[in-house]
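Have a look at the structure below before the remarks.
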Amino acid sequence: KDSGVEADIETQDIGELFEYRIAHPVTIKRNSSALIPILQNQIEGESVSLYNREARGQNPMSALYLNNNTGLTLESGPLTIIENDTYAGEALTGRIKPGEKRFITYAVDLGCRVSVKEDEEDQKAYRGEIINGEFNLHYKQMKSTVYTLNNLTDREKTVYIAHLYDKNEKWRVVEPARRVETTEKYHPFKVVAPPKTTTQFSVSEELPDTHTYLLTNITT
């Protein structure tokens, strides 16, 4: 939206803070005020749904997946979402640095229902080796998480699944191989859910382990 005022902005990092500085002076008459626009760029973004089982078990959240391509740091603050000229919700955003991508949730997506089922297999040995009098038996423990997405609407939905993981554990995702950039707590996976359709999405993980046995000389 054009504010009618143009102002070039210079930016500067100051430690953990960020400064916006108007590149050219602006004259304000006595007893007057002015709104100086800091950002008048279009920001890349995608309207999606974000499912986080910890936040809400049965429904994803309506969200914006923003890519800050402005070259400026976007300061934290309130955000109002207007969709098709209609108020859709509000959100409170954190600071978004240049080039950073961020999910911003603003409402519950009641048009999609999600259920989750987990299965874990016992450890299975896949390799044995003898080294320096020790017998090492290598195992893999497997588990799978199946997300069932029921799109109740008559339009296609793009759903990002925030699959929880613990960086201190040694479980690693083996399928699917492709996923969105991992955050500190989640592996986000992108799923396209066709309208009026139930879609299943499976995540397979493995945990490698090794049992060591000491071999002794046996005499007969």
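The values are calculated or read from the model by the stated rules, or taken from the named source; none is laboratory data. Source: prediction; values computed, not measured. Here Cβ is always computed from backbone atoms with ideal geometry, including for glycine, and neighbour counts include all displayed protein chains. Heads up: the accessible areas ignore ligands, DNA and RNA and are worked out on the full protein's heavy atoms, side chains in. Shrake-Rupley method; radii C 1.70, N 1.55, O 1.52, S 1.80 Å.
Only residues that are open to solvent by 60 Å² or more (accessible area, probe 1.4 Å) and either over 24 Å from residue 20 (Cβ atoms) or among the β-branched types (Val, Ile, Thr) (or both): list them for the range 62-99, please.
Let us first name the residues in the range 62-99 that are open to solvent by 60 Å² or more (accessible area, probe 1.4 Å), namely 69, 75-76, 78, 80, 82-87, 90, 92, 95, 97-98.
Hits for the range 62-99 are 80, 82, 83, 84, 85, 86, 87.
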* Applying the selection to the range 39-60, what residues are open to solvent by 60 Å² or more (accessible area, probe 1.4 Å) and of a type in the set (Val, Ile, Thr)? -> 43
* How many residues are closer than 20 Å to residue 206 by Cβ, assigned to a strand (DSSP E or B) and in contact with an Asp or Glu (Cβ under 8 Å, 6 or more places away or on another chain) if we restrict to the range 152-176? -> 4
* Condition test on residue 143, is it open to solvent by 20 Å² or more (accessible area, probe 1.4 Å), touching a residue at least 12 places away in the same chain (Cβ under 8 Å) and outside any strand (DSSP E or B)? -> no
